[in-house]
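K.L.:
Structure incoming, see below.
What follows draws every value from the coordinates through simple rules; no lab data is involved. As the structure is a prediction and not an experimental result, all values here were calculated from the model. Cβ placement follows ideal geometry from the backbone for every residue including glycine, while neighbour counts extend to all protein chains displayed.
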C-alpha cells in the first residue's frame, strides 16, 4: 500500500527520466572539461545545460519534500543521499538502486543475490566516483605550476591508484582545490571499497559452504 | 539505578564543560603552532592555558578514580580511553560518545541506528586524529632540513593521505619526532577506518535486505 | 543425483586435463615474454601453443553450454567466472576450486575447515594474479621510454606492492596498456585480499573462542 | 583431562623458558645486525648463541612430534604455526598465546574479552613482525648501491609504512633479498591488520549496543 502514496508514484515516474538527465549532466561536464578547443558558443551551451539540469534536480527535490509532508531539516536527514546528490549532481547516478529495482520490477526476472547486488552497486558507485573525481581534479590541476597530472589519462590512472588506496604517488594533485576533492574521494572510496571487499568475502564464504553441502560423501 | 551513583552524577555534570575545555585546549595548541608571528605574551598565554586545562583534566581523572572506589591500576585499565586522553589531551574529544548520549538524552529524539552511530563516531574521531596529528607533525617538521612539509596545508594533505592508507609519499615526515607521531596516527587511523568500512558494509547490506522485503511481488 | 548429469560427468573428466593445459598456457606465455633472445621458431611455437590451447578452452566452454541446456547469455551469467577465464585464459587456474574438490573427493581425507579453504583459495588466486599480472605489465612496459620497470624482478616487486595496496611508487607502469592491466589487478587484488583478511580475522576469533572453552577452570 | 597428557605437561613446563630463549635469540640477532663495530669475538658469540638456540627449538619440536604420536607431515600440518617458527625462529614470540594463557591461568584473574584478546595478540604480532622485519631488511640493504634505507631508524619507519599499507615510497628496499623479506612482511602484516581492524570494528559495535541497552528511557 506504500506503493500507492503520492511520493512513491512520483518516484516511480521520475526515476528513469532523472537518471538520464544526470547522465546528460555528466556528459556536459565532461565535454566542458576535456574539450579545451571547444568554441565559445558550445561552452556556453554546456554550462547552460548543466544549470538547467541542476534547477530540474532542485525542483524534484522540493516536490519530494512537499509530497513527503516532512519538515525541511528532517527530510534532509532522512533522505541523506538525496540531499547530497542535489548539492553534488555529478554523483546523482549513485541513486541507481531505485532505478535498478524499478527495471527488475517490470521485467519480473529473478533478482541477483543480496551480496551480488551490494557488490554490483558499490562497484558501479566506485567507477562513477573515479570518473567524476578524475574530471573534477583534472579541471583543478590543468595548467597549475608544478602539476604532475598532464592529461586526462593521467587523472584516471591517479583516480584508480587513489580509490584502491594503492597511492603510488607518481601523479598527485598539487592545487588546494584538487587536494580537497581528492580527500573527499578517499573518504568515499574507502567506504565503498570496504563494502565491496566485505560483501565479496561473505559471498565467497557462502559459495564454499554451499559447495561442501552439495557434494554428498560417497558410500 | 546506576545513574544515581556519585560517579554517574559527576559524569553527567562535568561532561559538557570538560568537552568545551578540550576544544579550548586544541584551539590554544593550534594557535601556538600555526601563528608563528604571535607576540611573546600571547605565546605564554597559550602555553599557560594548555597547562591549566591539563591540570583540570588530571584533577577530573583523580576525582573519578576516587568516586569509582577502584585501585589506581585497575581504574587505569577499565577506563583505558580515559587514561589515554589524560596523557594526550589533544585526543580528549574522542570522549564525545557520552556527550552525544547526554544530549540525545535531554532532547528525547529518536536515536540514529547502531551502524550510523558507529560510523558517525569513527568518522569524527578520524577527523580529530587527522587535525591534531597534522598539527603535531607540522610542529616537528617546521624548519627541519630537507622537510617536504612546507605549510599547514601540506600537513593536512599528508594526514589525509596517511589516514586513508593511500600514502602518496609526495610529502613525508623526515624528523624522528614527526615519524613517531605518524606511526601512532597510522595505528589509530587503521583501527578507526576499519570500524567505518566494516559498519558501512553492514549498513549497506541491511539497507539492501530491507529494500527487498519492502517491495511486495505484484499479483 | 546431480553428480550423474552429463554436465557433472564432463566436468569431472575434463577438470584435471584442462588445469594442466592452463598451466602449459601460462608457461608458454611466460617463455614468450621473458626469453627475449628466443629463436624465431620457438617464438612461433609458443604462440601456436597458446592459440591451440585457447581454442581448446573455447571448445570446452561451448560443450558445457550445450550440456547445460541454457541459452547463451544466461549461461554466461550463471557461469560468470568460467566466462571470464575463457576471455582471459591466463586467469584460468582460478578454477582451482573444483579441481581441489575433485582431488579431496578421491583421497577421502578430512577437509580443511571452511575458513582455511577460503584463505588457501584466495591466497593462491592472489599469487596467480600477481604472477600473470607482472608478466602482462612487463610485456607492455619493456622498452617504453621513461619506464621504471627494468627487469621481471622489478615487475614482481611492483606486483607485490600493488596487490597489498602498499604502493611505494618506486616502480610504476607508464604505458597506457600497462596502466589498464594494473587497474584490473588492483580491483581483483583488493577483492581477494578482503577475502583473505576477513577469513583470517574470523578464523582467529574462532581459535581464541575454542581455546577459552577448552581450558576448564581449576577447582 | 587433556591437560594431563604428556604433550600438555611438556607444553606447560617448556613454554616460558622457550619464550625467554626466543627473546634472547632476537636480542642476539639485533646485536649482530646493529652493532657494526662489534669485536670479532662478540660477533662469533652472537652467532653461536643463535645456532645453539635454534638447535634447542628444533629439539623441542622433535620432542613434541614424538609426544603427539603423529606422523611427521601430519604434525607439521596440524601444528602449522609451530613449524613456521622453527624455520623462522625470529617469529617465535608469535607463540605468545599459550604463554599468555599460562600466566592468566596461574593468577586466576578475570580474562580480557574475546575481541580485546584478539586485538592484543594481533597488535603484539604486528609489532614483532615489524621489528624483526626491519632488522632483516636492514641487514640486506646496508651498504647496497642506491639504497635509500640508511639507518635502522629508516628501516623502522619503512616497516611502519609497509605494515600499515600506507607505503610512502620515500624509503624502499632495492636488493632482491630485502624485497623478498618485504613481500613476506606485506602478506603477514595484511592478515594481522585485517584481524585487528575486524575485531576493533566488532568491539566498537558491541560497546555501542551495550550502551544503548544500559540507559533506560526516562518515564
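K.L.:
Quick check: Cα centre of region C:115-174 to Cα centre of region B:1-44, how many Å?
P.N.:
Distance between centres, Cα-based: 49 Å.
K.L.:
Among A:172, A:132, A:148, rank each residue by its count of other Cβ atoms within 10 Å, from fewest to most, as a rough exposure measure.
P.N.:
Numbers: A:172 25, A:132 22, A:148 15.
Listing A:172, A:132, A:148 from fewest to most nearby Cβ atoms yields A:148, A:132, A:172.
K.L.:
Look at the axis of the rotation that sends chain C onto chain B, then give the chain C residue with the nearest Cβ and the distance in whole Å.
P.N.:
C:169, 3
K.L.:
Give me the inter-chain shielding for C:177-190: mean count of other chain Cβ atoms within 10 Å, whole number please. Intermediate values should be presented prior to the final figure.
P.N.:
Numbers: counts 0, 1, 6, 4, 0, 6, 9, 1, 2, 6, 8, 0, 2, 9.
The shielding value for this peptide is 4.
K.L.:
From the helices alone, meaning DSSP H stretches of at least four residues, give me the mean residue ellipticity at 222 nm for the protein assembly as shown, per-run term -39500 (n - 2.57), in deg cm²/dmol to the nearest 500.
P.N.:
-26000 deg cm²/dmol
K.L.:
Taking a point 7 Å out from Cα toward Cβ as the label site, list the nm distances between residue A:144 and the same residue in every other copy, smallest first.
P.N.:
Computed spacing set for this position: 2.4, 2.4, 3.4 nm.
K.L.:
Right, here's the next one. In percent, what relative contact order does region D:132-197 have, based on Cα pairs under 8 Å that are 6 or more apart in sequence?
P.N.:
On the way: 69 pairs, mean separation 25.2, N = 66.
RCO, region D:132-197: 38 percent.
K.L.:
For chain D, calculate the relative contact order in percent as a whole number, restricting contacts to Cα pairs under 8 Å that are 6 or more residues apart.
P.N.:
On the way: 179 pairs, mean separation 39.1, N = 219.
Computed value for chain D: 18 percent relative contact order.
K.L.:
Of the candidates B:36, B:184, B:84, which one comes out as most mobile in a Gaussian network treatment of chain B with C-alpha springs shorter than 10 Å?
P.N.:
B:36
K.L.:
Give the Cα extents of region C:1-94 along the principal axes, in whole Å, largest first.
P.N.:
53, 25, 19
K.L.:
Treating each Cα of region D:112-219 as an identical point scatterer and ignoring solvent, apply the Debye formula and state log10 I(q)/I(0) at q = 0.15, 0.19, 0.24 Å⁻¹.
P.N.:
-0.66, -0.89, -1.19
K.L.:
Let me ask another. Shortest first, in nm, what separates the label point of residue A:13 from those of the same position in the other copies (7 Å along Cα→Cβ)?
P.N.:
6.1, 6.1, 8.7
K.L.:
Right, here's the next one. With chain C treated as a Gaussian network of Cα nodes joined by springs under 10 Å, which of C:52, C:155, C:30 yields the largest mean-square fluctuation?
P.N.:
Between C:52, C:155, C:30, it is C:52 that shows the largest mean-square fluctuation.
K.L.:
Calculate log10 I(q)/I(0) of region D:122-161 for q = 0.23 Å⁻¹, where I(q) comes from the Debye formula with a single equal point scatterer on each Cα and nothing for solvent.
P.N.:
-0.66
K.L.:
Taking a label point 7 Å out from Cα toward Cβ, give me the nm distances from residue C:62 to the same spot in the other copies, shortest first, one decimal.
P.N.:
With the label placed 7 Å along Cα→Cβ, residue C:62 yields 6.2, 6.2, 8.7 nm.
K.L.:
Mind checking which of D:32, D:13, D:64 has the largest fluctuation in a GNM of chain D, springs on alpha carbons under 10 Å?
P.N.:
Fluctuation is largest for D:13.
K.L.:
So what is log10(I(q)/I(0)) for the protein assembly as shown at q = 0.05, 0.08 1/Å, when the Debye sum runs over its Cα atoms only?
P.N.:
Result of the Debye calculation: -0.33, -0.89.
K.L.:
If you scale each eigenvalue of the Cα gyration tensor by 5 and take the root, what three semi-axes come out for chain C, rounded to whole angstrom and sorted largest first?
P.N.:
Rounded to whole Å, the semi-axes are 34, 28, 15.
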